[in-house]
Each structure stands twice: as C-alpha cells, then as structure tokens.
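First comes the structure, then the notes that go with it.
The values are calculated or read from the model by the stated rules, or taken from the named source; none is laboratory data. Since this is a predicted model, take the numbers as computed values, not measurements. Ideal geometry is used to build each Cβ from the backbone, glycine not excepted, and the neighbour counts take in all protein chains shown.
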Amino acid sequence: MICPVCRREARWWGWFDARYPIADPRRDRSRRHLCSRRCQDICHRRRGVLDATEHEVVAMRAASPVAGEYVESLGKTDLAAFSEDEWLTLIEVIVTAYTDALRDLADHDGEAEAPPW
C-alpha cells in the first residue's frame, strides 16, 4: 500500500475518521494506511487524504532543480550513459526531494506563508 500523504510505502501507521460509528460503512472507507507518525499527524489534521493533485505538481517543481543539479554534477545528459549507481542515485534524489516537498507542503497547509518553492 502507498501512503496517501507522501506516496512512500505505507507501514504500521493508520488513520480512520472516528466521527463515524463503528457500524457505519463510511468509517471503513475513510481508513488510510500511512508510512509514519508525521504523515499520520498530517492526515489527522486534514481528516483524511490531502488534495494531492495540487501538492504533487508543486512537489514535482520542487524536485526538478534538485534532479537537474545532480545530473549536471555528473557531466552527462544522455540517460542511457548513466551507470546503474548513477541512475539509482538520480531516482533517490528525485523521490527524496519530491516526498520531502509533499511533507513540507502538508505541514504548512493553512498557514499564511507557504514553503519557498
């Protein structure tokens, strides 16, 4: 399962909307499997899943310069010329920047000042 907050692999954390009684089917439909306590707290504040579409676009924009910096540091522009380690590092750089940005955005939801991307 995938964490609906940051899109990492869900682990032992979860959330459900406790406003619904146990017998209410909406309670089961509200269940979310999460990856961490931080994502659980974010999900709880939002009473469910984030509006991922808007956040994902911003997170992709935030991850793009980080990925570009890594590619520039290699001095290669042809992805086919990357070694396996270089390719895996690029993926790690992108995924880490993307999920960090999603978390930062979620942490700042509702605040007057958003993160600087």
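Structure notes:
- Flag for residue 30 being closer than 29 Å to residue 87 by Cβ and among the small types (Gly, Ala, Ser): no
- Verdict on residue 110 being within 18 Å of the chain's Cα centre (by Cα), surrounded by fewer than 16 Cβ atoms within 10 Å (Cβ to Cβ), at positive phi and at pLDDT below 90: yes
- Among residues of region 1-33 being closer than 20 Å to residue 54 by Cβ and surrounded by 16 or more Cβ atoms within 10 Å (Cβ to Cβ), the one that is nearest to the chain's Cα centre (by Cα) is 6.
- Restricting the first member to region 82-98 and to residues that are under 11 Å from residue 62 (Cα atoms), and the second to residues that are part of a loop (DSSP other than H, G, I, E, B), the beta-carbon pairs closer than 8 Å and six or more apart or on different chains are 98/7.
- Restricting region 35-78 to residues that are of a type in the set (A, V, I, L, M) and at pLDDT 90 or above, the residue that is surrounded by the most Cβ atoms within 10 Å (Cβ to Cβ): 63
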